[in-house]
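Notes follow the structure.
The values are calculated or read from the model by the stated rules, or taken from the named source; none is laboratory data. As the structure is a computational prediction, the values presented were derived from the model and not from experiment. So basically every Cβ, Gly included, is an ideal-geometry build from the backbone, and we count neighbours across all protein chains shown.
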Amino acid sequence: MKEETESISKAEHPKYTSKDFTSSQDVRWCPGCGDYSILAQMQRTSPDLGIEKEYMVWISGIGCSSRFPYYMDTYGFHSIHGRAPAIATGVKLNNPKLSVWVATGDGDLLSIGGNHFIHACRRNIDLKIILFNNRIYGLTKGQYSPTSEKGKKTKSTPFGSVDFPFNPVGLALGAEATFVARTLDRDPKHLQEMIKKAAEHKGTALIEVFQNCNIFNDGAFSLFTDKETKADNVLILEQNKPMVFGKNNDKGIRLNGLEPEVIDLSDGKYSVNDVWVHNENDKNPARAFILSQFSEREGLPLPIGVIRKISKTTYDHDFHEQISEVKKQKGKGDLRKLLFSGNMWEVN
Amino acid sequence: MEKEVLGLNDVTIRFAGDSGDGMQLTGTQFTNTTALVGNDLSTLPDYPAEIRAPAGTTYGVSGFQLHFSNSDIQTPGDSPDVLVAMNPAALKVNLKDLKHGAAIIVNINSFDAKNLKLAGYENNPLEDDSFEGFEVVPVPLSKLTTTALEDSGLSAKEISRCKNFFALGLMYWLYSRPVEPTLKWIKSKFKDEPMIAAANEKALLAGYYYGENTEQFTTRYHVEPAKLPKGTYRNISGNEALALGFITASVKTGLPLFLGSYPITPASDILHELSKHKNFDVRTFQAEDEIAAVSAAIGASFSGALAITTTSGPGVALKSEAIGLAVMTELPLIIVDVQRGGPSTGLPTKTEQSDLQQAILGRNGEAPVVVIAASTPADCFYTAIEAVRIATKYMVPVMLMSDGYIANGSEPWRIPEPDSIPEIKVEFRKEKEGFAPYLRDENFARPWAVPGTPGLEHRIGGLEKSNISGNVNYEPENHEFMVRLRAQKVKNIENDIPDLEVTDDVDSNILVVGWGGTYGSITEAVTRLRQRGIKIAQAHFKYLNPFPKNTGMVLNKYKRIICPELNMGQLARFLKSEFLVEVDSFNKIQGIPFKTTEIENKILAVIGELV
């Protein structure tokens, strides 16, 4: 039976359009929700990923974002709260040829599912995880989330939250994720680019999408998405490019020891040569971690783009490699030999 | 001196010592040799939850009981005929279980002031009349081992660790068993440590010859091979048998076996055993936690694996929500619950049957799963295959109940020819035409359409579904329809399982019913009473949800129904509520199996009431 599955021909590669990835289900997110953009960019990008649509699998947990698989015309599994990475792990381990994607939210991935998330990263199993981070619980109607800022007033924190938030990028880096990127729902092109880069990566890939919940946390990211403020507050990371930002590209990031600082490139004191050059493949995770902390600091812009991408063998690969090795060493399993083994005796 | 050899029908031996004394190993070796000699046997390992409890303490005592016989036996024996006690604590803990007149072989060298105090003895009990009625054989086990190994080049500590082999050798002599199987085992086990191997061999032989030469033993014993059905046998534990059963089922279905598991006592050995057999395309995944283990299994099932998760009661509790997801998404999944004493962490290394309610009912919503139970170590093999047959045929989760006693206990298993085991037909949906994710076949099973199949892209999930289309549906009537459909699907399995079998029901007023690992003790109790001319019917449940079709009919035939269980009466409760019959619950909740006599006495008491 297994052989049959594996022999499914990949010969014909149909020319897909975004429609081929659009299911017949009505999309039921609130009008104006940032999720629509993520879905649209995914559907637009999917035809270009070189993945046969029957090989694409979407796994989700619980939350607004987790309705995502219903809207993709691929294989999909809307599971239970927090468990998407674990279910996706089983799907991928059993059939590593599948391209397995996880749609999840800040509560789903970082609160109830935090354990599965860090362990997926640690193993470097080949999953693509898209984190819809709106810094609020939407589906349960407005409680603070593990990414909500301290002091946030919500239904469950009427006097302000006394909880510190997680930094998802920092958490992923700490858990040894091999691909970590951040993007914005309101920047469709950038979002598409991140999807493509994650798809190309072999190993656990996290894309954190800052996603606006216009009902319960409207404007949470407006500083980074509004035309007037975006340029001065967002740093677009590009491989081997100096970290320059600002309306007139007149600001840069300089790494002073371990301290990042904004330098003015217009007053002649500094030039672009003083600016930190981004290397997403840096073996040492320290610089990536410094970048991950930017958003938390006064005066530093929000880095978006690929923060880290390193190459490491994947868990699913090694998992099956070991099985092949054992088969080679011991020979393909012989059931009779297995049952008739150990200390045996005859009764006549 | 030629010693008398006395023939015996059956013997129960218990080895007991510190958890570091190697008692489990000693017991296992004695068991394997006894199996090779051709006796029928049954074992009861009993060890503390602590890996190395402080030496000499009563709570650190580890024991291994073995019952062997020249005829068919069902239990590890109620009361040992012989106790091998490596220290005072072992003697103290086990004394109460011994048969009157039992032989007690003690390591006299361990009876020093410190150990006596640790065991709570004020005076040396060997020096007063504490053991009147027992036959105490003091053997300087430590000293003899040290003397035998003084030229071994090993340290005093290493030499001391060989004393269990001395004891084993002595017992081999006493019960006329060959030393060769253990010598062979030592060679292979310690092949990288030749000095240790040599020392253990020497200690084993020294023990054997000690028996032959000392005047402490005037008699040795002999137990003839049992007249078991013709065939090739091996000794097998419940956990091993489950693993082999699952591999067999994987071969018979043609599906790759995927195990998602998280280590937990007493289920971990299934994970260990399956991990050895990757050449059968077995995929074992040690997950980060119990929930991830079952979730990964569900994911693997979605993508076309024979998906299994193995755990014990606390693990099932953690997996409950995910099992509900498998019910809702109608995916085949096997959940193995090797039960232990509960609630909470409870008694991790002790046996109990207290998860039946959890298995049948323990989920949110109306979430029926099939529940079946293994009754003996060897029966675990067939129960595993049956669980797979049902799960794949009906696209349902199946809960397979085992327990600590049958998981760790062992018995001779007549190995079946693989060809004699039927194939299990599984077909993935390939046909695009007319496909819908929740289409139904004649068994109400939905199609298994695995990712990678072109044209069958579909979505499943935990939200309520429309029948056939599988679309999310919140309509009131649809929900009731689907709840009833899922229940009916499981209920219909009663048409595909054997009737509840009743033995010796002619003219009996009394039926004894049980389920799972109590099979041995109940059967032996019933057999003994029948030998005394008492008429008793017996039935043992393998299928607990759904119950066999004839269950109600069977139960209604008898005046009294006695139900011994290692819990507060969980099966009894289901029988009472489902079939409206009176059930006499007989319960033991001590973390240990029933003794045969306990069940005998209960039955006799009920008979007494009837007269």
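If I filter the stretch B:458-467 for residues that are touching a residue at least 60 places away in the same chain (Cβ under 8 Å), buried (at least 19 other Cβ atoms within 10 Å of the Cβ) and in contact with a helix residue (DSSP H, G or I) (Cβ under 6 Å, 6 or more places away or on another chain), do I get at least one hit?
yes
Of the residues that sit in the stretch B:213-233 and are within 14 Å of chain A (Cβ to nearest Cβ) and among the hydroxyl-bearing types (Ser, Thr, Tyr), which one is surrounded by the fewest Cβ atoms within 10 Å (Cβ to Cβ)?
B:THR232
With (1) over 30 Å from the mean Cα position of the chain (by Cα); (2) charged (D, E, K, R); (3) assigned to a helix (DSSP H, G or I) as the list, and B:ASP507 as the residue in question, which single condition is left unmet?
For B:ASP507, the failing item is (3).
Identify all residues within the stretch B:189-219 that are under 23 Å from B:LEU25 (Cα atoms), in contact (Cβ under 8 Å) with a residue 12 or more places away in the chain and either assigned to a strand (DSSP E or B) or acidic (Asp, Glu) (or both); write none if there are none.
B:GLU201
More than 14 Å from chain B (Cβ to nearest Cβ), acidic (Asp, Glu) and touching a Cys at 6+ places or on another chain (Cβ under 7 Å), is that true of A:ASP48?
Considered against the rule, which asks whether it is more than 14 Å from chain B (Cβ to nearest Cβ), acidic (Asp, Glu) and touching a Cys at 6+ places or on another chain (Cβ under 7 Å), A:ASP48 comes out as no.
Somewhere in the stretch B:371-381, is a residue more than 28 Å from B:SER410 (Cβ to Cβ), modelled with pLDDT of 95 or more and aromatic (Phe, Trp, Tyr)?
No.
Select, from B:ILE247, B:ILE236, B:ILE323, the only residue that is within 21 Å of B:ALA407 (Cβ to Cβ), within 11 Å of another protein chain (Cβ to nearest Cβ) and touching a His at 6+ places or on another chain (Cβ under 7 Å).
Within the list B:ILE247, B:ILE236, B:ILE323, the selection yields B:ILE247.
What number goes with the only condition from (1) touching a helix residue (DSSP H, G or I) at 6+ places or on another chain (Cβ under 7 Å); (2) crowded, with 19+ Cβ neighbours inside 10 Å; (3) touching a residue at least 40 places away in the same chain (Cβ under 8 Å); (4) not in a loop (DSSP other than H, G, I, E, B) that A:ALA177 does not pass?
(4)
Of all residues in the stretch B:454-494, how many are in contact with a strand residue (DSSP E or B) (Cβ under 9 Å, 6 or more places away or on another chain), away from every other protein chain (no Cβ under 12 Å) and of a type in the set (Asp, Glu)?
1
Please state which of the following conditions B:TYR121 fails to meet, knowing it meets all the rest: (1) part of a loop (DSSP other than H, G, I, E, B); (2) at pLDDT 95 or above.
Condition not satisfied by B:TYR121: (2).
Checking the conditions here, which among A:LEU235, A:LEU223, A:LEU171, A:LEU255 is part of a helix (DSSP H, G or I) and in contact with a Phe, Trp or Tyr (Cβ under 8 Å, 6 or more places away or on another chain)?
Criteria check complete, one pass: A:LEU171.
Taking the condition of being at the interface with another protein chain (Cβ under 7 Å from one of its Cβ atoms), farther than 21 Å from B:PRO225 by Cα and among the charged types (D, E, K, R), how many residues in the stretch A:328-348 meet it?
Residues flagged as at the interface with another protein chain (Cβ under 7 Å from one of its Cβ atoms), farther than 21 Å from B:PRO225 by Cα and among the charged types (D, E, K, R) within the stretch A:328-348 amount to 3.
Filter the stretch A:52-92 for residues that are part of a loop (DSSP other than H, G, I, E, B), among the β-branched types (Val, Ile, Thr) and facing chain B (nearest Cβ under 7 Å) and give the result.
The answer is A:THR74, A:ILE80.
Test of understanding: among A:GLU261, A:GLU238, A:GLU228, A:GLU298, which residue is in contact with a strand residue (DSSP E or B) (Cβ under 7 Å, 6 or more places away or on another chain) and either within 22 Å of A:ALA205 (Cα to Cα) or assigned by TED's automatic domain parsing to the domain that holds A:MET194 (or both)?
Numbers: A:GLU261 fails: either within 22 Å of A:ALA205 (Cα to Cα) or assigned by TED's automatic domain parsing to the domain that holds A:MET194 (or both); A:GLU228 fails: in contact with a strand residue (DSSP E or B) (Cβ under 7 Å, 6 or more places away or on another chain); A:GLU298 fails: in contact with a strand residue (DSSP E or B) (Cβ under 7 Å, 6 or more places away or on another chain).
Just a single option satisfies the conditions, and that option is A:GLU238.
Might you let me know whether the stretch B:249-268 holds any residue that is of a type outside the set (S, T, N, Q), without any contact (Cβ under 8 Å) to a residue 40 or more places away in the chain, assigned by TED's automatic domain parsing to the domain that holds B:LEU144 and outside any helix (DSSP H, G or I)?
So far as the stretch B:249-268 goes, no, none of its residues is of a type outside the set (S, T, N, Q), without any contact (Cβ under 8 Å) to a residue 40 or more places away in the chain, assigned by TED's automatic domain parsing to the domain that holds B:LEU144 and outside any helix (DSSP H, G or I).
For the stretch B:307-332, what are the residues that are under 18 Å from B:ALA374 (Cβ atoms) and touching a strand residue (DSSP E or B) at 6+ places or on another chain (Cβ under 6 Å)?
Quick first cut of the stretch B:307-332, residues under 18 Å from B:ALA374 (Cβ atoms) only: B:308-313, B:315-316.
If the condition is that a residue be under 18 Å from B:ALA374 (Cβ atoms) and touching a strand residue (DSSP E or B) at 6+ places or on another chain (Cβ under 6 Å), then B:ILE308, B:THR309, B:THR310, B:SER312, B:GLY313, B:VAL316 are the ones that fit.
Since B:PRO377 meets every condition but one in (1) within 14 Å of chain A (Cβ to nearest Cβ); (2) in a helix (DSSP H, G or I), which condition does it not meet?
The number of the failed condition is (2).
Each row is one residue, and each column tells you yes or no for (1) at pLDDT 95 or above; (2) hydroxyl-bearing (Ser, Thr, Tyr).
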residue: A:ASN256; (1), (2): no, no
residue: A:GLU259; (1), (2): no, no
residue: A:ASP264; (1), (2): yes, no
residue: A:ASP267; (1), (2): no, no
residue: A:TYR270; (1), (2): yes, yes
residue: A:HIS278; (1), (2): yes, no
residue: A:PHE289; (1), (2): yes, no
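I'd like the full set of residues that are outside any strand (DSSP E or B) and aliphatic (A, V, I, L, M), limited to the stretch B:451-490.
Filtering the stretch B:451-490 down to residues outside any strand (DSSP E or B) leaves B:451-458, B:462-464, B:466-467, B:469-471, B:473-490.
B:LEU456, B:LEU463, B:MET482, B:VAL483, B:LEU485, B:ALA487, B:VAL490 - these are the residues of the stretch B:451-490 that are outside any strand (DSSP E or B) and aliphatic (A, V, I, L, M).
Where residues in the stretch A:312-335 are over 22 Å from A:VAL91 (Cα atoms) and either of a type in the set (Phe, Trp, Tyr) or surrounded by fewer than 12 Cβ atoms within 10 Å (Cβ to Cβ) (or both), which of them is nearest to the chain's Cα centre (by Cα)?
Within the stretch A:312-335, the match that is nearest to the chain's Cα centre (by Cα) is A:LYS328.
If I filter the stretch B:33-48 for residues that are over 25 Å from B:ARG234 (Cβ atoms), modelled with pLDDT under 95 and of a type outside the set (Gly, Ala, Ser), do I get at least one hit?
Filtering the stretch B:33-48 for residues over 25 Å from B:ARG234 (Cβ atoms) gives B:48.
Among the residues that remain, those that are also modelled with pLDDT under 95 are: B:48.
Adding the requirement that they be of a type outside the set (Gly, Ala, Ser) leaves B:48.
Yes.
Of all the helices (runs of 4 or more DSSP H) wholly in the stretch B:531-611, which have at least 2 residues that are in contact with a Pro (Cβ under 9 Å, 6 or more places away or on another chain) and outside the structural domain of B:LYS99 (by TED's automatic domain parsing)? Can you show your working first?
Details: elements: B:551-555, B:570-579, B:596-610.
Once the helices (runs of 4 or more DSSP H) in the stretch B:531-611 are filtered for at least 2 residues that are in contact with a Pro (Cβ under 9 Å, 6 or more places away or on another chain) and outside the structural domain of B:LYS99 (by TED's automatic domain parsing), what remains is B:596-610.
Look at the stretch B:271-301 and say how many of its residues are under 10 Å from A:ASN94 (Cβ atoms) and at the interface with chain A (Cβ under 7 Å from one of its Cβ atoms). Break it down into steps so the answer makes sense when it comes.
Filtering the stretch B:271-301 for residues under 10 Å from A:ASN94 (Cβ atoms) gives B:283, B:285, B:296-297, B:299-301.
The next check asks that each one be at the interface with chain A (Cβ under 7 Å from one of its Cβ atoms); those that pass are B:283, B:285, B:296-297, B:299-300.
Count: 6.
Under 17 Å from the mean Cα position of the chain (by Cα) and in a loop (DSSP other than H, G, I, E, B): is that true of B:SER402 in this structure?
On the way: under 17 Å from the mean Cα position of the chain (by Cα): yes; in a loop (DSSP other than H, G, I, E, B): no.
In short, no.
Please pick out the residue among B:ARG446, B:ARG528, B:ARG429 that is touching a residue at least 12 places away in the same chain (Cβ under 8 Å), of a type in the set (Lys, Arg) and surrounded by 23 or more Cβ atoms within 10 Å (Cβ to Cβ).
Exactly one of B:ARG446, B:ARG528, B:ARG429 is touching a residue at least 12 places away in the same chain (Cβ under 8 Å), of a type in the set (Lys, Arg) and surrounded by 23 or more Cβ atoms within 10 Å (Cβ to Cβ), namely B:ARG446.
Can you say whether B:GLY304 is surrounded by 24 or more Cβ atoms within 10 Å (Cβ to Cβ), within 7 Å of chain A (Cβ to nearest Cβ) and not in a helix (DSSP H, G or I), as far as the supplied structure shows?
Yes; evaluated as a whole, the condition is true for this residue.
Scan the stretch A:289-327 for residues that are more than 14 Å from every other protein chain (Cβ to nearest Cβ) and part of a helix (DSSP H, G or I) and report the count.
Summing the residues that are more than 14 Å from every other protein chain (Cβ to nearest Cβ) and part of a helix (DSSP H, G or I) in the stretch A:289-327 gives 7.
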